[in-house]
Amino acid sequence: MVLDFCTIMHSQQILPNVITYGAVVDSYQRAFQWSQALSVFRMMDSQPVIPNIVCYTAMLKASENGGPWQLATGFFQDMQRFAVQPNGFTYNTLFSSFDKAFQWHLALNLFSKMDKGHTPVASDTVSLAFVINSCAKGLQWQHPPQVLQSISSLAGIRLKGVSGSHFRIF
């Protein structure tokens, strides 16, 4: 139905803009129709329309909501290549995709880059929760202490004796 709307716009020589495309892509991702969202996103290639943060984040959400996780990483890389600045929501959506796909190593790698300041966005409690959950799903219990150290600095909590699965909060 929404795709028909775009076709009608084209037949009437009304050119959709980035806002139109973003809204359509977002509508499809909210309806869990990632392949339709992808079709609309790819329509922008044939138009003089450059995807923005809304379009890219909607595609990341589409991947999170049933699409392949590789789709999310591809779009995230495209954002970097085309100098579209990701925000915290974008990063957390990517973390959620990794979490749902049991890609704990990708979540941990991205978290590590964020924690070291190698990304324009700092980690937050949501990203930390996704990383811990991803590690738990992947049975990677040796990694949560590293994440917990970041939580402690983020929250101003001093952790003592963090090793393995044992830690104390003071």
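Hey, does region 27-45 have a residue that's surrounded by 19 or more Cβ atoms within 10 Å (Cβ to Cβ) and in contact with a Lys or Arg (Cβ under 6 Å, 6 or more places away or on another chain)? Checked region 27-45: at least one residue is surrounded by 19 or more Cβ atoms within 10 Å (Cβ to Cβ) and in contact with a Lys or Arg (Cβ under 6 Å, 6 or more places away or on another chain). Sort out which residues of region 60-103 are over 12 Å from the mean Cα position of the chain (by Cα), surrounded by fewer than 16 Cβ atoms within 10 Å (Cβ to Cβ) and not small (G, A, S), and write them in order of number. If the condition is that a residue be over 12 Å from the mean Cα position of the chain (by Cα), surrounded by fewer than 16 Cβ atoms within 10 Å (Cβ to Cβ) and not small (G, A, S), then P68, D78, Q80, R81, F82, Q85, F102 are the ones that fit. For the subset of region 3-39 comprising residues that are of a type outside the set (A, V, I, L, M, F, W, C) and over 25 Å from the mean Cα position of the chain (by Cα), which member is modelled with the lowest pLDDT? It comes out as D4.
Okay, residues lined up against (1) in contact with a helix residue (DSSP H, G or I) (Cβ under 6 Å, 6 or more places away or on another chain); (2) without any contact (Cβ under 8 Å) to a residue 12 or more places away in the chain:
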{"site": "Q12", "(1), (2)": "no, yes"}
{"site": "F32", "(1), (2)": "no, no"}
{"site": "I50", "(1), (2)": "no, no"}
{"site": "A58", "(1), (2)": "yes, no"}
{"site": "W69", "(1), (2)": "yes, no"}
{"site": "A72", "(1), (2)": "yes, no"}
{"site": "F82", "(1), (2)": "no, no"}
{"site": "L94", "(1), (2)": "yes, no"}
{"site": "F98", "(1), (2)": "yes, no"}
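Every condition in (1) over 18 Å from Y21 (Cβ atoms); (2) open to solvent by less than 30 Å² (accessible area, probe 1.4 Å); (3) not hydrophobic (A, V, I, L, M, F, W, C) holds for T57 except the one numbered (1).
The values are calculated or read from the model by the stated rules, or taken from the named source; none is laboratory data. Everything numeric here is computed off the predicted structure, so don't read it as measured data. Backbone-built Cβ (ideal geometry, glycine too); neighbour counts: all protein chains shown. Areas reflect the complete protein model, heavy atoms only, side chains present, ligands, DNA and RNA absent. Shrake-Rupley method; radii C 1.70, N 1.55, O 1.52, S 1.80 Å.
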